[in-house]
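For reference, the structure is listed below as structure tokens.
FYI, it's all coordinate maths here, none of it is from the lab. The model shown is predicted, which means the values in this text are computed figures rather than measured ones. Cβ sites come from the backbone with ideal geometry, for glycine too, and all protein chains shown count toward neighbours.
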């Protein structure tokens, strides 16, 4: 019998033994850089012709993490057919046996925790701590979803009537397409993939273009854990070449996507179109980002507020959909809070992720850096840059942590998702105005309120329109099983990943009634 679910503990890097173990993993992974990877279809490593893409270390652009063969539409078709074939047997595997594959994969990942974290240091530019948290969350997802599938497989409660035996069961949907993000290249990718397959579905996994090597390593881990050939098919390639083809395919039953608003809406639109041979309405599970606000009330612990804002804004260079990108502070505390956040931000160590002391590394690639720097220039016109605003270490894609004050709520830097280390400050005269400013975006993912005023907290509980709302703490760091995660409005379909409702998105309920 399994132990009750509990979150995987994070590594304590204040211990010398843990630091040495992680450094050894970095050396091990460093020796493997530059190897070639390619599509895995039906359990077979297949040739993808002559097209290759290099995965680059964003902290050192001269370093190639891996060379990844790119699939074309012919391979995309082959992957769909492999998944469709595997579905006919995988859907009949007992839910408990499917769950055991996840438990085994979690156990394997736990033993190789530092190794997988080290890959994220190199390929995603994550710090030691951020990488360790990412790996722990991947373990959490598999442990949690395995237990959830076993719960859903139990006899479900129904109202009983005399003379009939009635049963409700949750059955899989079919072939799905998994399109994960690069910012949590292990945790979210693993959670999206394993949640679908533990329900009896089979999938084509199209990894994020900046982080395909981590995904390839995880697919190999699933194979080692006993997931049969064809259940997960690994298909690196461009969105325009294979992504659209997979979304449009008549045999695709669902698409699970995490990424930008623009791409998510495009997927939703394409999936809504019925193609020849299609006999279902495709299901789209989408998480599409945020423009997240921390409200700081006049009656609050200002040191707690400054810490929550700084950590939420600049962890992993602000490249989290839950990151704080806006602060709305009551006028009475605005200036003091701004001073404290600037002082704390100055103390952050920006540097090479290979170094254990680094808090903030690079952004993911040149496109992201260009976009962020473009928004900083817009911010110069729309407000006052009080900290940062420039680029960092020229060896990589570094952007200084940047704080912009005196910004109007309707400004572009206050409304559009920047997805980088850029934080804007607003003043509010009243708590009512602060709530109104916080809600004045098309997103609704996370938010936080720092306040000692119970009446204000209860107002926010009802009126702050986000999927994940936090009081007197940071707005990042959702834990599987503790904070089911997903947002409103243009933040997506409010999927509540890591919660009891999530697996229902990958199943359909069937009722059988027998007259006795």
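A few points about this structure:
- Prolate/oblate/rounded label for region 73-129 (Cα gyration tensor, a/c 1.5): oblate
- The alpha carbon gyration tensor of region 245-327 gives principal lengths a ≥ b ≥ c with a/c of 1.5 or higher and a/b greater than b/c, which makes the shape prolate.
- Whole-Å semi-axes of the ellipsoid equivalent to region 292-479 (Cα gyration tensor, √5λ, descending): 26, 17, 15
- Value in Å of the Kirkwood radius, where region 406-460 supplies the Cα pairs that are averaged: 12.5
- Using just its DSSP H runs of length 4 or more, each adding -39500 (n - 2.57), the chain gives a mean residue ellipticity at 222 nm of -12000 deg cm²/dmol after division by all residues.
- Inter-probe distance in nm under a simple model that places probes 7 Å from Cα toward Cβ, at residue 151 and residue 473: 1.9
- Mean sequence separation of contacting Cα pairs (under 8 Å, at least six apart), scaled by the length of the chain, corresponds to a relative contact order of 17 percent.
- Chain lengthening between residue 508 and residue 67 when straightened (0.36 nm per residue, less Cα-Cα): 154.8 nm
- Normalised contact order of region 174-331, rounded percent, pairs of Cα under 8 Å and 6 or more residues apart: 21
- Region 420-468 and region 223-270 have Cα centres spaced 34 Å apart.
- Ordering of 117-125, 216-224 by burial proxy (mean other Cβ atoms within 10 Å per residue, highest first): 117-125, 216-224
- Report note on the peptides 454-460, 127-133, 503-509: ranked by the mean count of other C-beta atoms within 10 Å, highest first, their order is 127-133, 503-509, 454-460.
- Average Cα contact separation per residue, region 1-64, under 8 Å, 6 or more apart, as relative contact order %: 15
- In angstrom, the C-alpha Rg and Dmax of region 307-365 are 12.8, 41.
- Here the extension length gained between residue 36 and residue 53 equals 5.1 nm, from 0.36 nm per residue of separation less the Cα-Cα distance.
- Cα shape, region 248-394, gyration tensor, a/c 1.5 rule: prolate
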